[in-house]
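The structure appears below as structure tokens.
What follows draws every value from the coordinates through simple rules; no lab data is involved. This is a predicted model, so every value here is computed, not measured. With ideal geometry, Cβ positions are generated from the backbone for all residues, glycine too; neighbour counts draw on all protein chains shown.
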Amino acid sequence: MGIVKLYWTFGINGFLVSLAILFFAAAPRLRSAETPSFTFVMIEYSGGSWKDVRAEQEAHVKDFIPKFMRWLNLKKIVTANEKTEVLRLTDSRIFDYPMLYINGHFTFQISDPEKQNLKTHLERGGFLYIEDCGGDTQSLQKFGSFAKCIHDVVQSIFPEGRFQVLPFNHDIYRFPYEFPNGLPNMYGDNNDSSPESPSKRRKGQGGEGFFHRGRMISFYSDADTCCGWDWNGVGQWGDLPYKVGANIVTYALTH
């Protein structure tokens, strides 16, 4: 029965009721509050930190990220699954999740099929959150830089794009928490984590975005935010690392 026929058959009240029925019948089913709506997916790759500091990567999976997810649940930012999903880019399950996360200290290897899957994920509306964990100068000279490697990888997938430093008024710094000075410089060059240290400096230039066809498909952080999630909100940075992460997750899920 057409909408016009519904109107004439049931009158205006019947028409409105019929519209409501049609709307709710067509609307996608929302997950219940008990069903996790966000799963944090950490990408495992060959070499790099998954080879040379694997214990640290596993600590992120089993401890740091679950603490962050519990905080998101506590603050009602999003309903989050507290179990981290670890996938390689060759796994088709990456397409089940809107945001992928990759971090590390050193140069790693990524195959052409992995690059293709990442490209497809991002072109379909996915988002890549990158965290540079840095490292001391001697180790970076020996094992190479994760930062340079991941920049090269994304650049090779989308050769027409570039990472660019984001302005402080970008949405990723505004919601749900305000960061008027952009990405906080928590761990600097990663050689000295004390905030008062005169050697504090960024590993790069702060938060960077990578844009493809007008959409920011990736965010690169040089703040080593993920290690701050281990502090449980009571360390020297308090819940600042959680707030930074909350903004990134929120942006990924709403853009």
Percent breakdown of C-alpha pair distances by 10 Å bin, ordered from the shortest bin, for region 214-255 | 28, 47, 21, 4
Please give, to one decimal in nm, the separation of the simple spin-label points placed at residue 165 and residue 116, each 7 Å out from Cα toward the Cβ.
-> 3.8
If one computes the Cα centroid of region 88-126 and of region 49-71, what distance in Å separates the two points?
-> 18
Tell me which aspartates and glutamates have Cα within less than 16 Å of residue 243's Cα, excluding those fewer than 8 residues away on the same chain?
-> 131, 171, 178, 222, 224, 230
For 234, 165, 244, order by how many other beta-carbon atoms lie within 10 Å, fewest first | 234, 165, 244
Each residue of region 72-87 in turn: what ³J(HN,Hα) in whole Hz from Karplus with 6.51, -1.76, 1.60 and θ = phi - 60°, glycine and Pro shown as x?
-> 4, 5, 4, 8, 6, 5, 7, 7, 10, 7, 7, 9, 6, 9, 10, 9
